[in-house]
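The values are calculated or read from the model by the stated rules, or taken from the named source; none is laboratory data. Not measured: the values here are computed from a predicted model. Here Cβ is always computed from backbone atoms with ideal geometry, including for glycine, and neighbour counts include all displayed protein chains. We work out accessible area using only protein heavy atoms, side chains counted, and drop any ligands, DNA or RNA first. Shrake-Rupley method; radii C 1.70, N 1.55, O 1.52, S 1.80 Å.
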Amino acid sequence: MHQDFDNLNKMNTMFHPIFLLLGFWYIFPAYIANGFAVFAKLIKFRHPIDGGRTLSDDQPVLGPGKTWEGFLTGFCSGVIVGILLVMTGPFLLALIIQYLIIPPELVPIVLISVPLVILVALGALVGDLIGSFIKRRLKVGRGRPAPILDQLDFLIMSMLMGALITPLPWPLVIFLLIVTPLIHLLANVIGYLLRLKQEPW
Ligand code: CTP
Ligand code: MG
């Protein structure tokens with residue numbers, strides 16, 4: 001009896017591995033938005049967001065790797081997938097509460113809303129642009145690696161913008177900050193093997 005109670009208590013914490021995984025549910029539209037922007041490569045004529053302009057440091061504002069087509073491809077993909085998650089949320093919650101006692105703070109992370117997925121997807125693309133802006137200021141060429149920045153720019157901005165509607169509890173934030181660079185690297189290696197990306201990062 002005592003042991004059962006202890007087990008329940010252990011379940012009822014955001015640090016439980018199962019609940020950490022809910023971070024993926026919340027951030028998935030950002031992963032999709034960031035990942036699907038590369039499919040803009042398949043479009044022949046693309047329009048760089050910075051219009052080819054440079055700043056006083058003679059470096060591009062963002063560089064030719066950031067196009068409107070990529071931005072819109074990523075945003076629309078992220079929102080479409082996000083809407084599917086919004087529609088599935090109640091079913092996931094029903095499934096979880098059959099087996100586990102979910103900490104109340106995590107219920108809004110399962111029952112995400114359309115405005116939230118819009119902000120999460122938008123944040124991912126804006127974060128990616130900010131990352132490129134910083135890379136150019138540091139004179140890191142287009143497509144050259146900037147470890148940590150390349151993997152976390154989109155994630156951090158996505159979580160900040162998402163927090164305007166539903167802040168992610170901090171154990172899930174830490175979890176995503178740790179696992180996202182690994183997933184990002186893996187996804188880029190796959191993109192490289194599929195010849196969608198020139199470099200495996
Ligand atoms: N892409 C795009 N528009 C965006 C984001 C990405 O067209 N807003 C496409 C570009 O073809 C880009 C590819 O997706 O080359 C990979 O994206 P990313 O790795 O973010 O760009 P990089 O080319 O590495 O450029 P940067 O050094 O600025 O990160
Ligand atoms: Mg890159």
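Summary of values
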item	result
Check on L84, more than 15 Å from ligand 1 (Cβ to nearest atom) and within 18 Å of the chain's Cα centre (by Cα)	yes
Candidates P115, P108 - the one that is open to solvent by 50 Å² or more (accessible area, probe 1.4 Å) and either closer than 28 Å to V38 by Cα or at pLDDT below 95 (or both)	P115
Conditions (1) under 18 Å from W25 (Cβ atoms); (2) within 12 Å of ligand 1 (Cβ to nearest atom); number of the one not met by Q151	(1)
Residue list for the range 65-95, restricted to those being open to solvent by less than 40 Å² (accessible area, probe 1.4 Å), closer than 13 Å to F39 by Cβ and not polar (S, T, N, Q)	E69, G70, F71, G74, G78
Which numbered condition I156 fails, given (1) within 19 Å of N188 (Cβ to Cβ); (2) β-branched (V, I, T); (3) open to solvent by 60 Å² or more (accessible area, probe 1.4 Å); (4) in a loop (DSSP other than H, G, I, E, B)	(4)
Helices (runs of 4 or more DSSP H) within the range 4-105 that include 3 or more residues within 16 Å of ligand 2 (Cβ to nearest atom)	22-36, 68-99
Residues that are assigned to a helix (DSSP H, G or I), open to solvent by 20 Å² or more (accessible area, probe 1.4 Å) and hydrophobic (A, V, I, L, M, F, W, C), drawn from the range 160-183	L160, M161, W170, V173, I174, F175, L177, I178, V179, L182, I183
Test: residue in the range 184-194 that is farther than 25 Å from H16 by Cα, within 16 Å of ligand 1 (Cβ to nearest atom) and assigned to a loop (DSSP other than H, G, I, E, B)	yes
